[in-house]
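Here's the structure, in structure tokens; my notes come after.
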Amino acid sequence: MKREQIEGVAENIAGKAQSAVGRLIDDPALEAEGEGRQAAGQVTKTYGDAVNCVSSFVKEKPFAAVAIGAALAMVVSRLLRR
């Protein structure tokens, strides 16, 4: 697992705990903050999953990755010329 994936899971768990405490003590602000932390944790984990997927692709198919990078650079270059 990548660092981002671990951080995302940890943030998600912390958010769930915070949300549960907010419900337990009937504090809507604490509950909402916990739900926000859960969402942030999920986004971080998804980013880590994407990074992991891209790095696996680059390791398995380095020539394809270079070709895709060159094509993206060419497209960005054309867009910036306008």
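We did not get these values from a lab; they are worked out from the coordinates using the rules stated. Since this is a predicted model, take the numbers as computed values, not measurements. Because the Cβ atoms are built from the backbone with ideal geometry, glycine has one as well, and the counts that use them run over all protein chains shown.
Below, the figures for the structure above:
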| read-out | value |
| --- | --- |
| Residue check for Asn52: part of a helix (DSSP H, G or I), surrounded by 11 or more Cβ atoms within 10 Å (Cβ to Cβ) and in contact with a Gly (Cβ under 8 Å, 6 or more places away or on another chain) | no |
| Any hit, region 7-20, residues being in contact (Cβ under 8 Å) with a residue 40 or more places away in the chain and among the hydrophobic types (A, V, I, L, M, F, W, C) | no |
| Cross-chain or 6+ apart pairs with Cβ under 7 Å, region 40-56 first and in contact (Cβ under 8 Å) with a residue 60 or more places away in the chain and over 26 Å from Val66 (Cβ atoms), then polar (S, T, N, Q) and surrounded by 15 or more Cβ atoms within 10 Å (Cβ to Cβ) | none |
